[in-house]
Amino acid sequence: MPRPHSPLLSVDAIVTAAMTLVDEAGDFSFPKMARRLGVSQSALYNHIDNREHIVELMRGRLFAVQVPPRIENLSWADALRALVRAYRDRFAAHPRLVPLLITQTVQDLGVVGFYEEIAVTLESAGLEQGQIGPAIATIDYLALGAALDLTAPDVVWSPPEGQFPALHRAVANSGSVEERAEAAFVFGLELLVAGVHAKAIT
């Protein structure tokens, strides 16, 4: 009688299992991945080096699933808008992955190439070299923060009735989580573009 086949295991399957666990619970572990995949924990190490390796593969997966924006014929401002929106959108489907990604160095070449596009765009806007690094970090704050905002509760601020009237007015009719997150992202993106324009060398 033939022996039963072992479950097919690959790097892609491991990354998918890890991302599913992060989407569900905000984190992953080797024991949980092994159970999800129906293999022994030791079998995972035939394909994956360590936890950091999986995190970086998940980062690469996010940037590989969407076509990069076409910016060749755009002004620097429109190119920057397109790049930052594409950056945010890559994390929007998996916002719980953001806290894991920000704790380690970006190494995936596809992601590094995306940052290169941003750096080139900021150069074309006329920023001084010393300003480009801080500008990229600011883009990180905006894009990653906007993705995390999608995990926020329906009610973020709950000032007591009759107190803090300015905050009451500000948050009244703010819409759903998605509507609120999109409005905040667009507001921040336009502030970013205006700030780059103000800082650019003329």
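The values are calculated or read from the model by the stated rules, or taken from the named source; none is laboratory data. On a predicted model such as this, the values are computed, not experimentally measured, just so you know. Positions of Cβ are generated from backbone atoms using ideal geometry, with glycine treated the same way; all protein chains shown enter the neighbour counts. Just the protein is used for accessible areas: all its heavy atoms, side chains included, with ligands, DNA and RNA removed. Shrake-Rupley method; radii C 1.70, N 1.55, O 1.52, S 1.80 Å.
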Shape metrics for the stretch 83-202, restricted to C-alpha atoms - Rg then Dmax, Å:
16.8, 53
Ordering Y141, Y87 by the accessible surface of their heavy atoms, 1.4 Å probe, largest first, yields Y141, Y87
Euclidean distance between Cα centres, the stretch 31-93 to the stretch 121-172, Å
23
Test of understanding: what is the full-extension gain from E179 to V120, defined as 0.36 nm times their sequence separation minus their Cα-Cα distance?
18.1 nm
Residue-by-residue Karplus 3J(HN,Hα) for the stretch 110-119, coefficients 6.51, -1.76, 1.60, Hz, glycine and proline x
x, 6, 4, x, 5, 5, 4, 4, 5, 4
Average projected area [Cα convex hull, the stretch 152-202], square nanometres:
4.7
May I ask you to order 128-138, 114-124, 35-45, 162-172 by the average number of other C-beta atoms within 10 Å around their residues, highest value first?
114-124, 35-45, 128-138, 162-172
Shape descriptors of the stretch 1-98 over alpha-carbon atoms, Rg and Dmax in angstrom, are 17.6, 67
At a probe size of 1.4 Å, how large is the accessible area of M58, to the nearest 10 Å²?
0
Beyond 19 Å, the calculated P(r) of the stretch 68-145 holds a percent of Cα-Cα pairs equal to 35
Please state the equivalent ellipsoid semi-axes for the chain: what are the square roots of 5 times the Cα gyration tensor eigenvalues, largest first, in whole Å?
37, 25, 13
What is the gain in length, in nm to one decimal, between D140 and E24 on full extension, counting 0.36 nm per residue of separation less the C-alpha to C-alpha distance?
39.4 nm
